[in-house]
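Worksheet: one structure, shown below.
Every read-out reported here was derived from the displayed coordinates using simple, explicitly stated rules and does not represent laboratory data. Computed from a prediction, not measured in an experiment: that's the story for all the values here. Every residue, glycine among them, receives a Cβ derived from its backbone with ideal geometry; neighbour counts consider all protein chains shown.
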Amino acid sequence: MDKQIIEGLEKAGIVTFGISEGGMAYTMSNKPVSKVSDLPKRKIWSPTDNKNIALTLEAIDVTPIPLSIGDVFAGLQTNLIDTVATSPTAAIALNWHTKINYITDVPLIYFYTVLALDKKTFNKISTDDQLIIHRVMTDTVKKIDIKSRKDNFAALDALQNQGIKLIKPSNEELRGWYKKGNKATDLIFSKGVITDKTKGELMMHINTFRTQQAAL
């Protein structure tokens with residue numbers, strides 16, 4: 001669905017050059033979290049102005065502590081928060097990994113990244129230069145997309161090598177995570193954050209992928 005996302009951003013006045021994988025976000029915490037019912041007992045960070053994450057946390061009965069990304073490290077230092085959800089590479093890049101002890105092996109949210117430019121500003125560049133920038137940056141984003149997945153696997157190993165424990169929930173505990181995850185998805189859809197058309201296409205792709213995986 002990258003193409004329509006990019007086209008949608010352009011209609012909103014934003015120029016991008018592709019979408020690259022940012023990795024899966026995992027629960028990272030000071031205390032063990034194996035069951036989804038553990039989460040309401042934690043002081044959980046949520047990014048400011050992110051409606052999807054706010055609705056997700058609402059669905060799992062969590063009252064989050066909203067902070068900008070720049071304030072998260074200080075929040076972990078002062079124990080204002082004790083639990084975050086982020087990708088392994090981001091945890092290392094932002095130095096959050098120095099303030100956590102556990103990672104729960106349940107992927108929560110898929111992160112993706114873009115390099116975004118204001119369209120009006122970009123259009124001040126000559127047409128020839130725009131074409132060159134598009135060609136070079138589109139190729140670069142494709143390379144980043146491929147490298148990012150490898151980097152996240154390597155970062156997860158690196159975090160464990162530094163003594164951070166990977167918690168693997170039991171099958172019964174996983175069912176609890178899935179149940180709450182489905183509840184969060186239903187809540188997001190019910191609030192109209194995603195249009196019915198986009199929802200239908202998204203679910204079609206997911207179901208096709210799952211069918212293909214089951215056949216392997």
Margin query: Under a crude label model (7 Å from the Cα following the beta-carbon direction), how far is Glu58 from Gln130 in nanometres?
Written below: 3.9
Checklist line | Choice from Phe73, Phe111, Phe122 showing the highest fluctuation, given a GNM over the chain with Cα pairs closer than 10 Å | finding: Phe122
Check: Taking the DSSP beta bridges in the chain as the whole, what percent of them are antiparallel, to the nearest 5?
Finding: 65
Checklist line | In order through the stretch 68-79: 3J(HN,Hα) via Karplus (6.51 cos²θ - 1.76 cosθ + 1.60), integer Hz, x for Gly, Pro | finding: 5, 4, x, 9, 5, 4, 5, x, 5, 4, 8, 6
Notebook entry, point to check: Is the shape of the stretch 83-192 rounded, prolate or oblate, going by the alpha carbon gyration tensor and its root eigenvalues a ≥ b ≥ c, with a/c under 1.5 for rounded and a/b larger than b/c for prolate?
Noted result: oblate
Margin query: Report the gain in length on full extension from Glu172 to Asp118: 0.36 nm times residue separation, minus Cα-Cα distance, nm rounded to one decimal.
Written below: 14.7 nm
Next item on the list: Would you mind calculating the relative contact order of the stretch 80-216 from Cα pairs under 8 angstrom and at least 6 residues apart, reporting the percent as a whole number?
Entry: 38
